[in-house]
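Notes follow the structure.
The values are calculated or read from the model by the stated rules, or taken from the named source; none is laboratory data. Values in this document were obtained by computation on a predicted structure and should not be read as measured data. Ideal geometry is used to build each Cβ from the backbone, glycine not excepted, and the neighbour counts take in all protein chains shown.
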Amino acid sequence: MLDKIYTPAEIEARLYAAWEDSGAFACRPDAGARPYSIVIPPPNVTGSLHMGHALNNTLQDVLIRHRRKQGCDALWQVGMDHAGIATQMVVERQLADEGLDRNALGRDAFIERVWNWKAESGGSIIRQLRRLGASADWARERFTMDEGLSAAVRKVFVELHREGLIYRDKRLVNWDTHLRTAISDLEVEQREIDGFLWYIDYPIEGSKNKHITVATTRPETLFGDTGVAVHPEDPRYADLVGGAAILPLVGRRLAIVGDTYSDPERGTGAVKITPAHDFNDFEVGVRHGLAAINVLDASGRMNDEVPEAYRGLDRFEARAKAVAELEALGLLVKTEPHRHVVPHGDRSGSVIEPWLTDQWFVDAETLAKPAIEAVERGDIVFVPKNWEKTYFEWMRNIQPWCVSRQIWWGHQIPAWYGPDGMVFVAMDETEAADAARAHYGETATLTRDADVLDTWFSSALWPFSTLGWPEETPELARYYPTDVLVTGFDIIFFWVARMAMMGLHFTDEVPFRTVYIHALVRDEKGQKMSKSKGNVIDPLELIDRYGADALRFTLASMAAQGRDIKLSEKRVEGYRNFATKLWNAARFCEMNECASTPSFDPAACSQTVNRWIVGELMRAAEAGDEALDAFRFNDAANGLYQFTWGSFCDWYLELVKPMLYGPEGAERAEARACAAWVLDQILHLLHPFMPFITEELWQRLDATRTEALMATRRPPYAEALRHEDAGREMNWVLRLVSEVRAVRAEMNVPAAARMPLLVRGAGEEHWTWLKSHGPSIEALARVASIARDEGVARFGCVQAVLDEVSLILPLADVIDLEAEQARLAKEIARLHDEIGKIENKLANDKFVSRAPPEVVEEQRERRGSAARTRARLEEALASLAG
RNA sequence: GGGCGAUUAGCUCAGCGGUAGAGCGUCUCGUUUACACCGAGAAUGUCGGCGGUUCGAUCCCGUCAUCGCCCACCA
């Protein structure tokens with residue numbers, strides 16, 4: 001016997017372990033079933049489960065379990081990302097606590113330390129995903145720094161280099177002075193900062209007191225100035241173009257050039273040009289042949305290119321000093337408060353410097369072309385489709401991708417330098433040495449490039465590297481391209497676009513056919529949840545409190561929301577209640593011997609109520625499947641919720657109670673079997689959303705079952721289960737019960753009061769229905785009996801109306817006749833208005849001639865129905881008036 | 001500056017050319033042998049404003065307003 005309350009904590013761990021032990025999560029390449037595959041967006045090895053993961057993985061698990069139960073050979077490829085910078089930061093912080101740093105440790109020891117950290121405390125998220133019920137194929141778990149995946153990375157690097165799509169170049173990159181590494185454009189976030197705009201006079205060469213005033217937010221970079229630009233058509237400076245200014249504090253000669261980059265409206269219209277420290281200035285410098293002088297070191301301190309007094313100063317100290325000195329010299333014209341955007345590193349949060357270094361770049365523009373075409377052709381489809389626009393915008397304006405990072409944790413770049421700087425890119429050291437010997441004619445001393453690759457470089461290969469590429473494995477042949485990628489819009493550029501590029505380039509196929517983009521889970525104020533903001537809701541706490549199923553159902557039912565999901569705990573509580581409801585429906589079935597289904601043919605059952613619920617179930621199942629096919633998780637979840645709670649619990653179980661409690665016989669037997677069968681189907685249908693409770697009930701309700709629900713294929717539903725006739729009949733009966741209940745409640749008829757239900761105006765069909773559902777109607781509408789009433793008007797009755805039928809409850813001594821009159825009058829007035837509106841519409845020639853005939857017909861039917869109801873109500877009102 | 005999205009019941013949000021929906025909350029009634037984490041019923045909306053298209057607009061188009069996000073931008 002089931003308990004009254006479902007207690008998830010006791011059950012979830014046991015079931016999960018049993019599933020995992022039984023091998024139910026594993027793909028079955030030999031099963032002869034259609035393959036269906038999803039690769040997980042690999043969580044960072046440093047990560048712990050947050051609400052975004054919970055949503056992302058719930059949706060994937062719903063799809064995987066759904067397909068598995070449909071009979072597919074489902075592979076959910078799981079694994080983790082080494083998360084270069086993030087992980088290195090974690091371990092460096094630990095070292096700092098011990099008073100160490102990575103340089104003291106040395107590279108090899110440091111990397112070993114990171115591996116140890118990973119073994120001990122990394123990847124807690126993988127355990128937490130199990131708490132959520134994720135049915136991933138854990139035996140196939142991969143890590144981006146696995147041997148196989150690392151080989152894939154090297155292979156891709158070598159090939160792209162051979163094709164000229166990876167190259168080394170000296171150019172300005174985004175430099176993080178805190179982490180002392182280059183980062184990509186995407187890892188830079190622009191923040192609005194209150195700063196200052198300083199106006200500085202640069203004396204004009206060969207003139208005693210003439211000067212040109214430039215405005216800058218970064219006075220400390222003036223040491224790197226090599227020019228001043230003005231707009232070629234700016235009359236204020238026309239006579240200066242071609243001349244030169246003298247750089248204050250330094251005395252260097254600066255060419256004054258005319259360049260349209262200069263905007264006469266901004267600042268003074270004259271802009272100092274610092275090619276080594278500004279992306280725009282770099283371009284101007286190239287156009288006018290200006291030198292690029294780097295004045296900063298890797299930590300953002302002034303280097304030896306600046307006057308001695310400034311050397312070694314932090315850039316911000318240097319800024320203050322320069323301003324003070326300029327002011328003392330009388331060259332600082334004015335200082336304005338100035339709000340402007342300043343680039344910051346997304347990891348370190350420090351101000352990013354454009355810095356001139358040698359880095360490795362991927363020719364993203366070339367790789368992007370096929371990836372753009374794949375989406376244009378529909379080989380990759382975004383759901384929702386509007387994200388394609390975002391994808392196109394970025395891909396069509398894509399910049400070279402800086403992939404080298406000056407950190408230690410990651411894939412070391414497979415490039416070796418000869419004594420003369422010649423570079424040999426190879427799969428390994430031996431291969432590089434061979435190439436060097438061939439080049440130099442003798443064995444050469446090679447030095448490996450110290451840098452590692454951007455973490456996203458290996459993530460870009462994830463859909464095929466995890467399946468064994470570059471080996472031609474059976475898994476790669478069977479599960480690639482994957483069916484769908486489920487992810488958030490925040491990594492469309494970082495990850496989705498790059499997988500599309502790499503996948504197409506190296507496999508000639510798209511890595512996934514569909515990209516389902518879901519919302520981000522935010523806090524109640526709509527802020528992105530983050531540790532630093534301290535607004536994180538821990539999914540594990542919700543699982544502890546309400547169960548994994550309740551959390552999963554909540555997330556699935558909210559998946560339709562636009563770009564934000566504001567998670568409310570009340571909602572989780574509501575779906576916990578749903579789990580309890582399901583549990584108790586099963587408990588009821590168990591108590592009434594509806595638990596197992598020895599023999600029930602849903603196509604051939606005879607009782608209308610049974611045929612009706614079978615048809616309803618089938619429609620719910622179809623709607624659910626369609627919704628999931630279209631990734632409308634919310635519709636699927638809500639539809640099943642409505643069917644389970646509304647149709648099955650509130651109506652069906654109540655309708656069959658008289659039969660279940662009644663005498664032994666064919667009727668009771670069929671009701672038992674049908675209830676059991678429908679409950680069984682509900683467990684199948686809800687399982688992808690609520691795997692734990694459904695599995696537990698499935699196994700508890702029928703001890704003879706040997707296979708787990710998750711591994712049991714859901715039966716297909718034949719057309720013969722539709723039972724449309726039963727639907728028509730039951731809908732009428734249900735409406736009738738509702739009418740009686742409503743009028744009783746409105747008239748404050750005591751729940752315990754039983755009276756005959758007199759029915760007037762029912763045709764033969766309706767009367768047949770009334771007779772055959774008599775006991776159910778009596779129980780649900782709480783009436784003593786049902787009788788025909790075609791006699792004279794009765795006084796003092798409460799009446800409900802169902803189209804042309806009057807439902808009469810003789811209650812003169814119980815109810816307030818005036819209130820009943822008022823109720824009827826109000827209802828009549830409402831119908832009167834409605835009929836008026838419809839008649840206006842029908843009187844409109846244009847409507848009748850231009851609207852589709854079925855719409856016109858529908859309006860006529862509505863008018864007829866409303867008129868019949870109104871006539872009945874008027875009759876009732878008249879009878880009250882006596 | 002470019003782009004995207006939102007504005008619907010008290011709250012959180014679905015819907016999207018033809019009777020406005022859900023959950024929560026509110027109110028009324030109810031210890032009916034599955035469930036009070038429940039049951040029955042009720043109330044609440046000029047679907048942001050203004051134009052347009054249409055026989056018909058919450059839905060399509062234009063425009064404005066407010067809010068939010070992404071991209072670009074250290075004069």
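So here's what we get for this one:
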read-out: Tally, over segment A:625-637, of residues that are buried (at least 18 other Cβ atoms within 10 Å of the Cβ) and within 12 Å of RNA strand B (Cβ to nearest atom); value: 7
read-out: Candidate set from segment A:474-501 (those that are in contact with a Leu (Cβ under 6 Å, 6 or more places away or on another chain) and under 30 Å from A:Asp30 (Cβ atoms)); member that is farthest from RNA strand B (Cβ to nearest atom); value: A:Glu475
read-out: Residues of segment A:417-432 satisfying the condition of being free of Cβ contacts under 8 Å to residues at least 60 places away in the same chain and either within 28 Å of A:Phe494 (Cα to Cα) or not in a strand (DSSP E or B) (or both); value: A:Gly418, A:Pro419, A:Asp420, A:Gly421, A:Met422, A:Glu429, A:Thr430, A:Glu431, A:Ala432
read-out: Subset of segment A:151-206 [surrounded by 19 or more Cβ atoms within 10 Å (Cβ to Cβ), more than 25 Å from A:Met502 (Cβ to Cβ) and polar (S, T, N, Q)]; value: A:Thr177
read-out: Lone unmet requirement of (1) surrounded by 17 or more Cβ atoms within 10 Å (Cβ to Cβ); (2) within 23 Å of A:Leu15 (Cα to Cα) for A:Ile565; value: (2)
read-out: Residue that is surrounded by 14 or more Cβ atoms within 10 Å (Cβ to Cβ) and not in a loop (DSSP other than H, G, I, E, B), where the choices are A:Pro463, A:Pro470; value: A:Pro463
read-out: Scan of segment A:192-208 for residues that are of a type in the set (Ser, Thr, Tyr) and outside any strand (DSSP E or B), ordered by number; value: A:Ser207
read-out: Residues of segment A:15-32 classified as charged (D, E, K, R), surrounded by 14 or more Cβ atoms within 10 Å (Cβ to Cβ) and over 25 Å from A:Ile693 (Cβ atoms), total; value: 1
read-out: Test result for A:Phe795, of a type in the set (Phe, Trp, Tyr) and within 13 Å of RNA strand B (Cβ to nearest atom); value: no
read-out: Some residue of segment A:607-620 being more than 8 Å from RNA strand B (Cβ to nearest atom), among the small types (Gly, Ala, Ser) and over 35 Å from the mean Cα position of the chain (by Cα); value: no
read-out: Any hit, segment A:399-408, residues being under 25 Å from A:Met502 (Cβ atoms), surrounded by fewer than 17 Cβ atoms within 10 Å (Cβ to Cβ), at pLDDT below 95 and not β-branched (Val, Ile, Thr); value: yes
read-out: Some residue of segment A:652-670 being closer than 25 Å to A:Val486 by Cβ, in a loop (DSSP other than H, G, I, E, B) and either more than 11 Å from RNA strand B (Cβ to nearest atom) or at pLDDT below 95 (or both); value: no
read-out: Qualifying position, being of a type in the set (Ser, Thr, Tyr) and closer than 22 Å to A:Gly47 by Cβ, among A:Thr580, A:Thr554; value: A:Thr554
read-out: Residue within segment A:77-93 that is part of a helix (DSSP H, G or I) and out of contact with any Lys or Arg (no Cβ under 9 Å at 6 or more places or on another chain) present; value: yes
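Condition check ((1) over 24 Å from the mean Cα position of the chain (by Cα); (2) farther than 20 Å from A:Leu160 by Cα) across all residues:
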position: A:Thr357; (1), (2): yes, yes
position: A:Glu365; (1), (2): yes, no
position: A:Pro370; (1), (2): yes, no
position: A:Val383; (1), (2): no, yes
position: A:Lys389; (1), (2): no, yes
position: A:Trp409; (1), (2): yes, yes
position: A:Pro414; (1), (2): yes, no
position: A:Pro419; (1), (2): yes, yes
position: A:Met422; (1), (2): yes, no
